[in-house]
Amino acid sequence: MTRGVEVESQLGDLRVSRQLDWGARFPGLVQGITLRAPDLDFGSSPRGGWATLQSSAGIPRVACCRQVHGAAVAVYDDSHSSGVKVLGDADAIVTAREGVLLAVTVADCVPVFVVEPVRRLLGLAHAGWRGTAAGIAEATLGAMSRLGAEVASLHVHLGAAICRKCYKVGPEVTAALGVPEGTRHVDLRDHIARSVRALGVDSGRLTASQRCTRCDSGSFYSYRGGDRGQRMCAFLGWSAG
Ligand SMILES: [Zn+2]
């Protein structure tokens, strides 16, 4: 796995952290995660943060889901509607469409960004320990394969999330993830990386952010750090072609 360099930059009215290499590699891709911003609310209202995200990204449609820490993947296949569409209970979204911004909210959980540049397919998942144990990353790749993606063509980036040092866990988590009993600290990004490599994702196309949402509480919200009800929004879409 390659260390993925993330840089902070401006996207419209938003400060975001994005995977540096993908900007040049994938023209037209809009990717990143919002930073701590008290006036941005990614709650159930379609206004607030969602509207700001939509206008800042310059993409007419946003697709999100009611996140339930499971392994269900929603498929977005709609070229008509505009605004924010909630796809139901799921923790990942895949699409073969351009002009839609996939979105998941996170605060310590891992945003998993997947790009298939040949057929221009996208996938975005929210992976905490429950979703990781349930196989949400694998399910996302499976859903993209059903849309025609070759796993060997996939690029995966694991975004800003809680680091191993900050992620102290108990027996419930170690049992679910299958790590040795007594393990005190877990790196979710390492787990997800192993899972997607096992499915055939090339290590050279797999990057992980070095940023920790709890260590860097000036930039990010952290659930473990005490932020409740506030989230960053991770997003991924092609500008309308
Ligand atoms: Zn940390």
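Of the conditions (1) assigned to a strand (DSSP E or B); (2) over 20 Å from ALA208 (Cβ atoms); (3) not acidic (Asp, Glu), VAL118 fails just one. Which one is it?
Looking at each condition in turn, VAL118 falls short on (1).
Would you mind telling me which numbered condition in (1) touching a residue at least 60 places away in the same chain (Cβ under 8 Å); (2) within 16 Å of the ligand (Cβ to nearest atom); (3) touching a Pro at 6+ places or on another chain (Cβ under 8 Å) ASP108 fails?
Going through (1) touching a residue at least 60 places away in the same chain (Cβ under 8 Å); (2) within 16 Å of the ligand (Cβ to nearest atom); (3) touching a Pro at 6+ places or on another chain (Cβ under 8 Å) one by one, ASP108 breaks only (3).
Tell me whether segment 173-189 contains one or more residues that are away from the ligand (no atom under 16 Å from the Cβ), under 27 Å from VAL115 (Cβ atoms) and free of Cβ contacts under 8 Å to residues at least 60 places away in the same chain.
Within segment 173-189, one or more residues are away from the ligand (no atom under 16 Å from the Cβ), under 27 Å from VAL115 (Cβ atoms) and free of Cβ contacts under 8 Å to residues at least 60 places away in the same chain.
Out of the residues in segment 13-27 that are of a type in the set (Gly, Ala, Ser) and modelled with pLDDT under 95, which is farthest from HIS157 (Cα to Cα)?
ALA24
With the condition kept exactly as written, say whether any residue in segment 194-210 is within 17 Å of GLU8 (Cβ to Cβ) and either within 13 Å of the ligand (Cβ to nearest atom) or part of a loop (DSSP other than H, G, I, E, B) (or both).
Yes, because at least one residue in segment 194-210 is within 17 Å of GLU8 (Cβ to Cβ) and either within 13 Å of the ligand (Cβ to nearest atom) or part of a loop (DSSP other than H, G, I, E, B) (or both).
Looking at segment 36-47, can you tell me whether even one residue there is of a type in the set (A, V, I, L, M, F, W, C), modelled with pLDDT of 95 or more and in contact with a strand residue (DSSP E or B) (Cβ under 9 Å, 6 or more places away or on another chain)?
Among the residues of segment 36-47, not one is of a type in the set (A, V, I, L, M, F, W, C), modelled with pLDDT of 95 or more and in contact with a strand residue (DSSP E or B) (Cβ under 9 Å, 6 or more places away or on another chain), which makes the answer no.
Could you list, in sequence order, the residues of segment 128-165 that are surrounded by fewer than 17 Cβ atoms within 10 Å (Cβ to Cβ) and within 16 Å of the ligand (Cβ to nearest atom)?
Result: ARG164, LYS165.
Rundown of residues vs (1) at negative phi; (2) part of a helix (DSSP H, G or I); (3) out of contact with any Phe, Trp or Tyr (no Cβ under 9 Å at 6 or more places or on another chain), yes/no style:
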position	(1), (2), (3)
VAL84	yes, no, no
GLU98	yes, no, no
ASP108	no, no, no
LEU122	yes, no, no
ALA125	yes, no, no
THR132	yes, yes, yes
ALA137	yes, yes, yes
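Considering only residues that are part of a loop (DSSP other than H, G, I, E, B) and closer than 17 Å to TRP50 by Cα, which ones fall in segment 222-238?
Within segment 222-238, GLY229, GLN230, ARG231 meet the criteria.
The values are calculated or read from the model by the stated rules, or taken from the named source; none is laboratory data. The structure displayed is predicted, hence computed values, not measured ones. So basically every Cβ, Gly included, is an ideal-geometry build from the backbone, and we count neighbours across all protein chains shown.
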